[in-house]
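Engineer: Got a structure for you, questions after.
Just so you know, all these numbers are worked out from the coordinates, no wet-lab data involved. A quick note: this is a predicted structure, and the numbers were derived from the prediction, not measured. Cβ atoms come from the backbone with ideal geometry, glycine included; neighbour counts cover every protein chain shown.
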Amino acid sequence: MATIHDVMPPFELFQPTTVEDTLALLDKYKHDAWVLAGGLDTFDWLKDRNKRPKVVVDLGMVPALKGIKPTADGGLEIGAATTLTEVAKNATVKEKFPMLMQAAELVASPQIRNQGTIGGNVSQDTRCWYYRSGWTCYRAGGNICYADTPSAINREHAIFDANRCVAVNPSDTAPALVALDAKMVIRSLRGGERVVDAENYFIGPAIDIMKMNVLQPGELLVAIRIPSTWAGSQFYFEKVRERQVWDFPMVNVAAAMKVSNGTIQSSRIVVNAVAAHPLRLTAVEAAVAGKPRSEETAKMAGDLAVQGAQPLNHNGYKIPIMKNLVKRAIRGEAQA
Amino acid sequence: MTVSMNSPEQSSVTRRVFIKGVITTGAAVSATAYLFRGPTSVLGQGSLPGSVERLMTLNVNGQQRRVDVMKQETLAMTLRYKLGLTGTKIGCDRSECGACTVLIDDVPHYSCSILTHSVRDKKIQTIEGLESADGTLHPVQQAVVDEQGFQCSFCMSGFIMATVGYLKQNPNPSRQELAHGISGNLCRCMDYDKILTAMQRGAENMRNSRSS
């Protein structure tokens with residue numbers, strides 16, 4: 001339960017205006033620096049005193065991190081600090097990758113989308129309420145997972161790929177970007193630029209239990225590039241949540257499919273909020289390739305998708321939701 | 001027991017303790033002011049690119065307001081406690097209720113969840129800035145009065161600001177579109193139906209005032 005304190009504890013604030021200055025600050029302060037984009041995830045942490053960075057680097061004054069522009073290969077490059085509202089309203093996004101528009105539109109509330117950024121949405125921390133309440137769990141550097149005990153309340157937690165920590169990635173845009181095979185452009189002062197596939201940007205607790213993505217101290221996600229590969233293909237995005245505003249997904253699904261004469265040629269299908277990273281369903285993708293886009297294929301895909309799921313005490317409901325979402329993604333909206 | 005609580009000896013001690021207390025409080029207040037300067041002095045980096053000055057000018061409701069703002073201060077705190085604009089309410093302080101909604105460059109934002117330093121060069125409008133100079137209410141405010149749209153009204157200024165912001169993009173919304181447009185605001189009196197009726201009338205008032 002959030003408590004209202006007077007103000008946040010003090011921190012040093014920097015508002016650089018160029019990417020270079022930002023990188024210099026992140027390099028100088030490394031672990032002590034906290035990157036502030038929209039702030040919707042950040043301020044909860046700071047107000048609750050559960051994270052106490054010495055230095056906050058605000059990206060809000062860096063114009064180079066904002067905006068959506070076409071790339072030479074017919075894709076798009078979205079600045080990391082572009083707001084979700086801008087992503088949802090952009091004509092090119094709508095025309096080429098309507099799934100990303102849908103995903104951005106389904107995030108939180110209008111005010112949050114007006115301020116929250118796409119870089120922040122994909123890089124946000126997990127919502128595990130034990131972790132966010134300041135419990136010293138694995139993710140916070142301790143040696144226990146409070147959400148995976150016999151009496152734990154773990155409705156929101158993982159059914160796949162848990163490893164000590166059972167937290168999930170709560171992003172709506174992340175699965176859409178993985179399905180679109182987006183590339184995350186990361187820069188640092190010393191390392192220059194590196195480009196990471198969205199699929200590999202997100203990491204689970206088996207790789208690093210205290211992080212949700214590959215960003216190292218000093219590094220900054222500057223842009224997200226979406227190649228033209230999946231432009232104009234058939235998309236499906238659906239998010240299941242309890243309230244139609246604000247809520248994070250119980251499960252969401254993002255699918256991109258190339259279909260000719262009713263037969264699925266190739267696809268990328270990703271679900272989120274079931275594991276610590278967006279979960280790409282490669283087995284399903286392989287199984288539906290060459291099959292007709294039919295009710296039968298959809299049912300098979302749904303059943304296959306949830307194989308190996310390991311529910312906790314209170315999140316078994318995610319299995320039928322995920323199964324049905326994958327089924328609907330394969331079947332498509334027309335017959336839904 | 002015959003010890004009197006009002007013996008001269010005891011009350012003089014009490015006075016002394018009281019005076020000491022005042023001195024201590026004064027010291028604590030000055031210490032607080034010192035602490036709230038943040039770790040600038042520790043890091044000694046006032047001149048790095050992107051450093052910010054606490055003293056700033058905010059454009060609020062068309063006025064230039066000089067104000068001393070802590071680095072960690074949210075806009076809602078500055079508006080309410082530095083500038084006296086208490087029409088902006090703080091409900092949850094966590095971007096979960098919408099009571100603190102203000103317009104920043106005509107776009108609705110939760111003022112509890114944005115640093116005042118982040119809106120230095122922006123145009124801020126609060127509920128106090130809606131009525132015209134002669135005291136005529138904004139068409140949406142007038143609609144709320146006419147329709148008696150709220151019960152306790154704690155959420156009202158947030159709802160009005162969210163509506164005014166939304167109507168700038170879509171001046172002629174359907175009831176459903178408007179409901180979606182202002183879905184980032186909560187009313188714990190559960191008066192949504194009346195609120196929507198009032199806000200729809202506000203939209204109508206605005207269209208009428210524009211065409212007349």
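Engineer: Which residues, counting only those in segment B:172-187, are more than 11 Å from every other protein chain (Cβ to nearest Cβ) and closer than 17 Å to B:Val144 by Cβ?
Structural biologist: Scanning segment B:172-187 gives B:Pro173, B:Arg175, B:Leu178, B:Cys187.
Engineer: Could you please find all residues in segment B:104-118 being more than 9 Å from chain A (Cβ to nearest Cβ) and either closer than 18 Å to A:Thr42 by Cα or crowded, with 22+ Cβ neighbours inside 10 Å (or both)?
Structural biologist: Kept after step one, since they are more than 9 Å from chain A (Cβ to nearest Cβ), are these residues of segment B:104-118: B:105-106, B:111, B:116.
Within segment B:104-118, B:Ser111, B:Thr116 qualify.
Engineer: Can you report the number of residues in segment B:74-120 which are touching a residue at least 60 places away in the same chain (Cβ under 8 Å) and either touching a His at 6+ places or on another chain (Cβ under 6 Å) or acidic (Asp, Glu) (or both)?
Structural biologist: Qualifying residue count, segment B:74-120: 2.
Engineer: Okay, moving on. Would you be able to say whether some residue in segment A:66-79 is within 13 Å of chain B (Cβ to nearest Cβ) and hydrophobic (A, V, I, L, M, F, W, C)? Break it down stepwise before answering.
Structural biologist: Step one: of segment A:66-79, the residues within 13 Å of chain B (Cβ to nearest Cβ) are none.
No.
Engineer: Please find, within segment A:30-58, the residue that is farthest from the other protein chains (Cβ to nearest Cβ) out of those that are under 19 Å from A:Gly141 (Cβ atoms) and of a type in the set (A, V, I, L, M).
Structural biologist: A:Ala33
Engineer: In addition: Filtering segment B:158-191 down to residues that are free of Cβ contacts under 8 Å to residues at least 12 places away in the same chain and among the hydroxyl-bearing types (Ser, Thr, Tyr), which residue is surrounded by the fewest Cβ atoms within 10 Å (Cβ to Cβ)?
Structural biologist: So the residue we want is B:Ser174.
Engineer: Further, regarding this structure: Looking at segment A:83-106, which of its residues are under 25 Å from B:Lys122 (Cα atoms), in contact with a Lys or Arg (Cβ under 8 Å, 6 or more places away or on another chain) and buried (at least 24 other Cβ atoms within 10 Å of the Cβ)?
Structural biologist: Matches in segment A:83-106: A:Leu84, A:Ala104.
Engineer: Here's a follow-up. With the condition kept exactly as written, say whether any residue in segment B:140-148 is surrounded by fewer than 20 Cβ atoms within 10 Å (Cβ to Cβ) and either assigned to a loop (DSSP other than H, G, I, E, B) or in contact with a Lys or Arg (Cβ under 6 Å, 6 or more places away or on another chain) (or both). Let's see the steps before the verdict.
Structural biologist: As a first pass, look at segment B:140-148 and keep what is surrounded by fewer than 20 Cβ atoms within 10 Å (Cβ to Cβ): B:142, B:145-148.
Applying the additional criterion that residues be either assigned to a loop (DSSP other than H, G, I, E, B) or in contact with a Lys or Arg (Cβ under 6 Å, 6 or more places away or on another chain) (or both) yields B:147-148.
Among the residues of segment B:140-148, at least one is surrounded by fewer than 20 Cβ atoms within 10 Å (Cβ to Cβ) and either assigned to a loop (DSSP other than H, G, I, E, B) or in contact with a Lys or Arg (Cβ under 6 Å, 6 or more places away or on another chain) (or both), which makes the answer yes.
Engineer: For the condition in contact with a Leu (Cβ under 9 Å, 6 or more places away or on another chain), away from chain B (no Cβ under 14 Å) and either part of a loop (DSSP other than H, G, I, E, B) or farther than 22 Å from A:Ala273 by Cα (or both), what is the one hit in A:Asn154, A:Asn114? Spell out how you get there, then give the answer.
Structural biologist: Working: A:Asn114 fails: away from chain B (no Cβ under 14 Å).
Being in contact with a Leu (Cβ under 9 Å, 6 or more places away or on another chain), away from chain B (no Cβ under 14 Å) and either part of a loop (DSSP other than H, G, I, E, B) or farther than 22 Å from A:Ala273 by Cα (or both) holds for just one of A:Asn154, A:Asn114, which is A:Asn154.
Engineer: Also, quick follow-up: Considering only residues of segment B:65-103 that are out of contact with any helix residue (DSSP H, G or I) (no Cβ under 7 Å at 6 or more places or on another chain) and within 26 Å of B:Asn170 (Cα to Cα), which is farthest from the other protein chains (Cβ to nearest Cβ)?
Structural biologist: Checking each candidate, the answer is B:Cys97.
Engineer: Just the residues that are within 14 Å of chain B (Cβ to nearest Cβ) and farther than 30 Å from A:Lys258 by Cβ, please, taken from segment A:118-136.
Structural biologist: Matches in segment A:118-136: A:Gly120, A:Gln124, A:Arg127, A:Trp129, A:Arg132, A:Ser133.
Engineer: Output the number of residues of segment A:247-304 satisfying the condition of being outside any strand (DSSP E or B), under 20 Å from the mean Cα position of the chain (by Cα), surrounded by 19 or more Cβ atoms within 10 Å (Cβ to Cβ) and not β-branched (Val, Ile, Thr). It would help to see each step written out before you state the result.
Structural biologist: Filtering segment A:247-304 down to residues outside any strand (DSSP E or B) leaves A:247-250, A:261-262, A:273-278, A:281-291, A:293-304.
Narrowing the set further to residues that are under 20 Å from the mean Cα position of the chain (by Cα) leaves A:247-250, A:273-278, A:281-282.
Now drop any that are not surrounded by 19 or more Cβ atoms within 10 Å (Cβ to Cβ), which leaves A:248-250, A:273-278, A:281.
Those still in the list that are not β-branched (Val, Ile, Thr) too: A:248-250, A:273, A:275-278, A:281.
The total comes to 9.
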